[in-house]
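Input: a single structure, listed below in structure tokens.
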Amino acid sequence: MLFVILALWAMTIFLVASNPRSAVNRGLGGVAFFGGTGALAALLDDRIIPLIEREYGITPVSDALFTLQAASSVSSYYGVPYFFLLFALAYRPVEWVERRKTAVVLALLVPILVSLLATPPYNEMYPITFRFVIWWTVPYMLTGALLVLSKRSVHALQARTHGIVCLAVLPPALIFMTLNYVFPSFGMLRMWVYNTWFVGLGFAIFVIGLFTYGFLGVRVLIDRRRLDSTLRAVTSGTAILNHAIKNDIGKAKLFSEKIRSHAVATGQDELQEDIETVLQSARHIEEMISRVHRRTEDLVLKPAEVDLGQLIQDVVKPHRQLSESLEITVEVSAGWRCQLDPAQVAEALNNLVSNSIDAMKRQGRLLVALTETKRELIIEVRDTGGGMPKEAIRKAFEPFYTTKSGSGSNFGLGLPYAYHVMSKHGGRLLLRSKSGEGTTATMVFPKRSIRAARVSEIIEGEKDGEHQAMDRRG
């Protein structure tokens with residue numbers, strides 16, 4: 001049982017600490033925490049309290065531990081189904097619940113309060129009244145399981161993480177329901193001892209998922225913090241480098257101009273050619289460091305109301321004439337007005353489109369699509385190029401990493417810059433690829449972060465406002 005306590009509480013700490021604002025993480029963290037209190041109750045009941053009583057008899061310490069054991073046991077029985085349903089409602093939102101979230105959260109507590117007030121208190125044989133409690137705990141957990149299973153995943157990457165969540169969470173939860181509520185209501189007590197195996201399996205899947213595709217966004221968060229730290233270091237370094245090189249290049253250009261003037265005045269043609277070469281090199285170095293600095297400097301957003309679909313059309317339009325062998329398709333959900341920085345988002349999207357076209361060597365099919373989910377607007381850039389190996393995908397967002405060897409104009413800053421733009425907008429940049437099967441880059445904008453609204457919704461809201469104003473005047 002000690003392993004179960006450590007595993008579940010470690011999972012609780014990890015989930016809540018990684019993203020304390022996420023209702024999904026808090027809900028599942030609550031499930032893991034109260035699962036751990038059940039394991040603590042079992043450890044106290046089976047090992048620690050009997051050991052103390054054998055050595056010292058019944059003492060105030062053993063009485064205190066018995067109270068802790070009783071509280072842990074009851075809180076586990078009531079806490080797990082409650083938080084499991086909250087987790088499921090956050091993971092797979094239901095519209096009418098979202099509109100009345102506080103009321104629903106409080107209403108779901110009512111069966112727990114009724115159970116505490118209307119059933120006999122804790123005893124070692126029957127910690128709760130199973131035949132009464134089963135009528136709300138089982139519906140809570142079955143409803144939660146159905147909600148989790150019914151979640152639709154728009155992208156393949158999300159489908160993988162959803163599969164890991166289902167494997168790690170649903171089997172232990174449903175086994176817990178069966179062993180802790182269903183069997184005891186038929187008189188088969190202490191079946192909970194078999195929970196250990198399923199908790200261990202769920203924890204193993206959780207750990208594996210954490211280091212592969214992620215678990216509820218945790219891996220993404222770890223990667224984001226690492227990349228953010230790297231980008232801050234690069235931003236600081238290139239700013240210093242840009243300042244230092246510009247100063248020295250300025251001096252070199254000034255004295256080169258003086259030497260060129262002297263060469264012209266004295267008719268030294270060969271010296272003029274040499275100085276012109278030096279000046280060209282100085283200008284080239286200056287331009288290169290300026291380009292690097294522009295891509296890595298800390299972004300200051302200038303939000304404006306933008307038609308996102310039109311922005312996508314404008315970005316793609318110049319690329320259509322590159323090659324007759326290049327087929328570009330744009331599919332957008334029309335009418336989305338958003339508050340974002342049009343220049344930065346357009347440049348980030350242009351980088352993704354250019355990367356895809358370069359990967360296909362200007363021949364193949366490119367799809368740029370704007371789709372929507374309940375809470376997000378999603379721009380996909382999908383190509384039919386050669387794809388990327390896993391190692392390249394892992395390094396793709398690192399500054400100065402590039403697979404375009406031999407390209408003097410490429411510094412490996414396009415994807416880090418696009419990542420930086422998305423982070424500033426509260427969104428995410430995802431990359432999915434497989435060698436020989438093309439690449440899909442996905443820009444995910446939370447609707448709330450960019451205040452997204454359809455034109456039809458805006459017009460309807462304006463009409464409602466006009467009607468209300470007329471009603472007040474009347």
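The values are calculated or read from the model by the stated rules, or taken from the named source; none is laboratory data. Worth saying up front: this structure is predicted, and the values here are computed from it rather than measured. With ideal geometry, Cβ positions are generated from the backbone for all residues, glycine too; neighbour counts draw on all protein chains shown. Only protein heavy atoms, including side chains, enter the accessible area calculation; ligands, DNA and RNA are left aside. Shrake-Rupley method; radii C 1.70, N 1.55, O 1.52, S 1.80 Å.
Read through the list (1) over 30 Å from Thr373 (Cβ atoms); (2) free of Cβ contacts under 8 Å to residues at least 40 places away in the same chain; (3) part of a helix (DSSP H, G or I), then give the number of the only condition that Ile58 fails.
For Ile58, the failing item is (3).
Enumerate the helices (runs of 4 or more DSSP H) found wholly within the stretch 102-213, keeping only those where 3 or more residues are open to solvent by less than 40 Å² (accessible area, probe 1.4 Å) and modelled with pLDDT of 90 or more.
110-118, 130-149
Cβ-Cβ below 7 Å, separation at least six or inter-chain, first residue in the stretch 77-91 and of a type in the set (Val, Ile, Thr), second assigned to a helix (DSSP H, G or I) and open to solvent by 20 Å² or more (accessible area, probe 1.4 Å): which pairs?
Sorted first by the residue in the stretch 77-91, then by its partner, the pairs are Val80/Val31; Val80/Phe34; Val80/Phe176.
Considering only residues that are outside any loop (DSSP other than H, G, I, E, B), surrounded by 14 or more Cβ atoms within 10 Å (Cβ to Cβ) and at pLDDT 75 or above, which ones fall in the stretch 275-309?
Selection gives Ile275, Val278, Leu279, Val306, Asp307, Leu308, Gly309.
Would it be correct to say that Ile378 is under 21 Å from the mean Cα position of the chain (by Cα) and surrounded by 14 or more Cβ atoms within 10 Å (Cβ to Cβ)?
yes
Here are Gly27, Gly36: which of them is closer than 21 Å to Leu142 by Cβ and open to solvent by less than 20 Å² (accessible area, probe 1.4 Å)? Let's see the steps before the verdict.
Values: Gly36 fails: closer than 21 Å to Leu142 by Cβ.
None of the others qualify; the one that does is Gly27.
Residue check: is Val74 modelled with pLDDT of 90 or more, assigned to a helix (DSSP H, G or I) and over 25 Å from Arg375 (Cα atoms)?
yes
Within the stretch 40-99, which residues are buried (at least 17 other Cβ atoms within 10 Å of the Cβ) and among the aromatic types (Phe, Trp, Tyr)?
Phe66, Tyr77, Tyr78, Tyr82, Phe83, Phe84, Phe87, Tyr91
Name the pairs: first residue in the stretch 1-19 and over 17 Å from Ser76 (Cβ atoms) and open to solvent by less than 50 Å² (accessible area, probe 1.4 Å), second residue at pLDDT 75 or above and in a helix (DSSP H, G or I), Cβ to Cβ under 8 Å, at least 6 apart or on different chains?
If the second residue must be at pLDDT 75 or above and in a helix (DSSP H, G or I), the pairs left are Leu15/Asn25; Leu15/Arg26; Leu15/Leu28; Leu15/Gly29; Leu15/Ala32; Ser18/Asn25.
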